[in-house]
Every structure is written in C-alpha cells, then in structure tokens.
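Quick notes on the structure that follows.
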Amino acid sequence: MRADARRNYERLLTEARVAFAEHGTGASLEDIARRAGVGTGTLYRHFPAREVLLEAVLREEFQRLTASAGEVAAARPAGPALLAWLRELVAFNGTYRGLTAAFLQTLLDPASELHAACEVMRTAGGDLLRAAQQAGQIRPDVTALELFTLVSGLSWAHEQTAAALPGSLAPDRLLHLTVEGLAPRPAQSGVGR
C-alpha cells in the first residue's frame, strides 16, 4: 500500500472509532470520510461495506479476546475460566452502541469479514464452554450458539437499559444470573412422578 493510501486508511480507522463511540455502529460513513479528510470514494475503496470497516476497527480486540480464551483456560478451572471470558465478551459488546446487533447480523451473512472474525471468537468461546461442560459446571445440552445468543441478549438488554436508565442494571449481575441458570441441576427425586 502506498504511503498516502496507508495514511488515509489509518485516518479512516481513527475517525471511525471516534464516530462509532459518539454515534454507535450506525454512524454515518460519509461523516467518517469527511472527518478523515477524504472523499467517500476513498472510504469505499478501503472499506467496501460498513461491516468491513467495523471488522477493521475491532480486529485487535477480536484477536485479544480469542487469545484471552486460551489464557483463562490455562490459568483457571473450566467454570471460572468461562465466566471470566464471558465477562470480557460482555464488556466488548458494550464498546459501541449497536455492536451486539451487528454481531447478531453476522450470523445471517457468512460471507462477511465480520462473520469470519466473530466465528473465530465464537470457536474460542465454544472451547471454553465444552471444557466447563466436561467439568460438570454447565449443562451438557447447552450449545455454543445458545450461550452466545444469551450473552448477546443480555448485552443488548444492558445497552438498552443503560441508555434509558443509566446505572440501573449491572451487566455482571445479569451474566451471573445467566451462568447460574446454565448450571446442571440435581434431579428432583419424586417431584412430578
């Protein structure tokens, strides 16, 4: 990449981060290009779709979360490792307003770059889930898709509630309730039989 093209690329990423922080993932791409001092054609040459720009903005964080799954698995027992990683995932989902919805939309478009980045992260989380299931910490019938859907749902609920009632819901409390609900339950002897 030529030096001027590289500078434009980096300016676009910088301004996208600012715009996404201010306006969420639906921020105007035209505004991002204007703030970076380039035309929309330059933006679209580098990032042909919003998802491509979003993936580039979040790439390092995807890589960090994927690596973190292995680190927590090596440092903690399976159940606490899964919970620690899910906390990181919930915090990550809160990076930009609308991010959770963008992640859920990637399930519908396996050809997108954002889908591929999310899939690598989901695989790492799925490995943590299976380890927690093998350790008897999580019900064996819970799938990775179900877990990520639940965590995405609580991230979305926190995002919506935080906008309307700041400080009213703690995402960590919601996560604990979710994980407790996924724990295996001893069979209730004689109940309903």
Length gain on complete extension for the stretch R139 to D127, per 0.36 nm per residue less the alpha carbon to alpha carbon distance? 2.9 nm
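Working out 0.36 nm times the residue gap between E61 and L177, then minus their Cα-Cα distance, what length gain in nm do you get to one decimal?
Numbers: separation 116, 0.36 × 116 = 41.76 nm, distance 2.57 nm.
Extra length from E61 to L177 when fully extended: 39.2 nm.
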What's the angle, to the nearest 10 degrees (0 to 90), between helix 144-164's Cα axis and the longest principal axis of the chain? 60
Centroid-to-centroid separation of segment 62-114 and segment 117-143 [C-alpha atoms, Å]: 12
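If you roll a 1.4 Å probe over the heavy atoms of the protein chains, what accessible area per residue do you get for the chain, in Å²? Display every interim value, and only then the final one.
Values: 10380 Å² over 193 residues.
For the chain, the per-residue accessible area is 54 Å².
Given contacts defined as C-alpha pairs under 8 Å and at least six residues apart, what's the relative contact order of the chain, whole-number percent?
Details: 178 pairs, mean separation 38.0, N = 193.
Value for the chain: 20 percent.
What size of dipole, in debye to the nearest 20, comes out for the chain about its Cα centre when the only charges are +1 on Lys and Arg C-beta atoms and -1 on Asp and Glu C-beta atoms?
Working: 20 positive and 21 negative charges, 32 e Å.
For the chain, the charge dipole is close to 160 debye.
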Value of Rg to Rh for segment 33-112 (Rh from inverse mean 1/r over Cα pairs, i.e. Kirkwood): 1.09
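Given the rule -39500 (n - 2.57) for each run of at least 4 DSSP H residues, summed and divided by the residues of the chain, what is its mean residue ellipticity at 222 nm, to the nearest 500 deg cm²/dmol? All intermediate terms of the calculation are to be shown ahead of the outcome.
Working: 9 runs with 141 residues, N = 193.
Counting only the DSSP helices, I get -24000 deg cm²/dmol.
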Can you work out the Karplus-derived ³J(HN,Hα) for every residue in segment 114-127? Use 6.51 cos²θ - 1.76 cosθ + 1.60 with θ = phi - 60°, whole Hz, and x for glycine or proline. 5, 4, 4, 5, 5, 5, 4, 5, 4, 4, 4, x, x, 5
Per the Debye formula with a single identical scatterer at each Cα and no solvent contribution, what log10 I(q)/I(0) holds for the chain at q = 0.09, 0.11, 0.18 Å⁻¹? -0.40, -0.57, -1.20
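According to the square roots a ≥ b ≥ c of the eigenvalues of the Cα gyration tensor, what is the shape class of segment 99-160, taking rounded for a/c under 1.5, prolate for a/b larger than b/c otherwise, and oblate for the remainder?
On the way: a/c = 2.72, a/b = 1.45, b/c = 1.87.
Oblate shape, in that a/c is at least 1.5 and b/c is the bigger or equal ratio.
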Extension gain (nm, one decimal) between Q160 and H23, 0.36 nm per residue minus Cα-Cα: 47.9 nm
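Can you give the FRET efficiency for R7 and E30, using 1/(1 + (r/R0)^6), R0 = 22 Å, r = Cβ-Cβ distance, to the nearest 0.05? Before the final figure, lay out the partial values.
Working: r = 20 Å, r/R0 = 0.90.
Here the calculated transfer efficiency is 0.65.
The values are calculated or read from the model by the stated rules, or taken from the named source; none is laboratory data. Note that the coordinates shown come from a computational prediction; the quantities given were computed from them, not determined experimentally. Methodologically, a virtual Cβ is constructed for each residue, glycine included, from the backbone with ideal geometry; neighbour enumeration extends over all protein chains shown. For accessibility, only protein heavy atoms count, side chains too; no ligands or nucleic acids. Shrake-Rupley method; radii C 1.70, N 1.55, O 1.52, S 1.80 Å.
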